[in-house]
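K.L.:
My questions will all concern the structure given below.
What follows draws every value from the coordinates through simple rules; no lab data is involved. Since this is a predicted model, take the numbers as computed values, not measurements. Positions of Cβ are generated from backbone atoms using ideal geometry, with glycine treated the same way; all protein chains shown enter the neighbour counts.
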Amino acid sequence: MKEVHGTHNALPDDRNESVLIYVNGELLPRSEAKISVFDSGYLVGDGIWEAVRMYDGVLVFLDLHLERLWQAAATIGMDLKMTKQELVEKLWLTLKTNKMHGNAYIRFMVTRGIKKTPSQDPRLTISGPNLVIIAEHKKASNESKEKGITLFTSTIRRGSPDYLDPRLNCHSKLHEVMALVQAIEAGADEALMLDIHGFVSTCNATNFFMIKNGEVWTSTGQYCMNGITRGNIIQVCHENGLVCKEKNFSLFDVYGADEAFVTGTFGGVTPVTKIDGRVIGEGKYGPIAKKISKLYQELVKSEVVKIGKSVK
């Protein structure tokens, strides 16, 4: 099997073979962690999810992820049947059972529940929501980060908010998968996606930034995932004297960029070296992207210290 290269490259860790998965109150081995074929998420993609990094015993920016999950639930009309604190307790139960203290990545998924029969109709749901929590020992590969990734611009567009708001972190990811398939078939690592007007929006699983003449540009945010890391990158730029603009720009601008990078919860800042076969800047991890990555890591460390003190 060809090695997969992308923003989720992690160092191998044999401990993940024996982790226990949380499924509706039970902690089960990987091979036994199952959901019914009548689950709403499996049948029609009716579910929402979040993923959080653990550093030094702290789930960083967890409050922002919980806020986004509850907003998503309100958007799709799903009663989560639990409070934020109750969910946090389940997350920590999973982490502590698996003896995880640092360099962990935890994904939690909630679907509307079990259906009486295959159907889109939420009124045919006969159970409460299904909650699955997958925690893994996961440390990002620095080698992959330094190497950077290549992008290919997909013909699949990021949708309009009036039919599937791009900010909704839901289980219906097929359009993003299709975009990624196009990119892979074109020989790239991940996909760059345009919005409905032809401006650069985002990538299939990360948010896109470019740098030109010392300025950092990213999309307006109207047609992309409201990434937690994206927001933090914009924040650290503003707080440290870097001009960061949320604006419309096209591939015309991208191809002439000095640097480019993508952001995500797992990979943080990952440089982009080539887009559509065109080398971006010098084709390597640029100085401004490195500076932004360092500033982001400092923000993460301050979050760890702040939350660590508050729980003592």
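K.L.:
Can you grab the distance from the C-alpha centre of the stretch 1-74 to the C-alpha centre of the stretch 88-137, Å, no decimals?
P.N.:
For the stretch 1-74 versus the stretch 88-137, the Cα centre distance is 7 Å.
K.L.:
What share of the DSSP beta bridges in the stretch 14-139 is antiparallel, in percent to the nearest 5?
P.N.:
100
K.L.:
Which of the residue pairs Lys147/Lys291; Lys173/Lys245; Lys173/Lys284; Lys116/Lys173; Lys81/Lys115 have a Cα-Cα distance greater than 20 Å in the structure shown?
P.N.:
Lys173/Lys245; Lys173/Lys284; Lys116/Lys173
K.L.:
In addition: Kindly express, to the nearest 10 degrees and within the range 0 to 90, the angle between helix 84-97's C-alpha long axis and the longest C-alpha principal axis of the chain.
P.N.:
The two axes meet at around 90 degrees.
K.L.:
Test of understanding: in a Gaussian network model of the chain with alpha carbons linked when under 10 Å, which of Val44, Val300, Val262 would top the mean-square fluctuation ranking?
P.N.:
Comparing Val44, Val300, Val262 in the GNM, the peak value goes to Val44.
K.L.:
Please give the calculated 222 nm ellipticity per residue for the chain, where each DSSP H segment of at least 4 residues contributes -39500 (n - 2.57) and the sum is spread over every residue; nearest 500 deg cm²/dmol?
P.N.:
Rounded to the nearest 500, the figure is -9500 deg cm²/dmol.
K.L.:
Which whole-number percent gives the relative contact order of the stretch 143-301, counting Cα pairs below 8 Å spaced six or more residues apart?
P.N.:
The normalised contact order for the stretch 143-301 reaches 25 percent.
K.L.:
Something else: Cut-off under 19 Å on the C-alpha distance; same-chain residues fewer than 8 positions from Lys99 excluded. Which aspartates and glutamates are left, in chain and number order?
P.N.:
Straight-distance partners of Lys99: Asp13, Asp14, Glu17, Glu26, Asp56, Glu89, Glu136.
K.L.:
Using only Cα atoms and rounding to the nearest 10 degrees, what angle (0 to 90) does helix 287-310 make with the longest principal axis of the chain?
P.N.:
30
K.L.:
Over the stretch 14-139, what is the mean sequence separation of C-alpha contacts under 8 Å (at least six apart), divided by residue count, expressed as relative contact order in percent?
P.N.:
It comes to 35 percent, rounded to a whole number.
K.L.:
Could you work out which residue, out of Arg157, Arg112, Arg30, moves most in a Gaussian network model of the chain, that is, has the largest mean-square fluctuation with Cα springs under 10 Å?
P.N.:
Arg30
K.L.:
Then there is this: What are the GluC sites (Glu not before Pro) within the stretch 1-38 that DSSP puts in a loop, where the Cβ has at most 14 other Cβ atoms within 10 Å?
P.N.:
Glu3
K.L.:
In percent, how large is the relative contact order of the chain, given Cα pairs closer than 8 Å and 6 or more residues apart?
P.N.:
Relative contact order, the chain: 18 percent.
K.L.:
When the chain is treated as a GNM, springs tying every alpha-carbon pair under 10 Å, which of Gly281, Gly102, Gly77 comes out with the largest mean-square fluctuation?
P.N.:
Gly77
K.L.:
So what's the convex hull volume per residue for the Cα atoms of the stretch 143-301, in Å³?
P.N.:
106
K.L.:
Quick check: the angle from helix 228-239's long axis to the longest principal axis of the chain, C-alpha only, nearest 10 degrees?
P.N.:
40
K.L.:
Let me ask another. Using all alpha carbons of the stretch 14-139, what is the percent of pairwise distances in each 10 Å bin, ordered from the shortest bin to the longest?
P.N.:
Per 10 Å bin, starting at zero, the Cα-Cα P(r) for the stretch 14-139 comes out as 13, 43, 33, 10, 1 percent.
K.L.:
Here is a follow-up. In the chain, what cysteines have no partner Cβ closer than 4.7 Å?
P.N.:
Cys170, Cys203, Cys224
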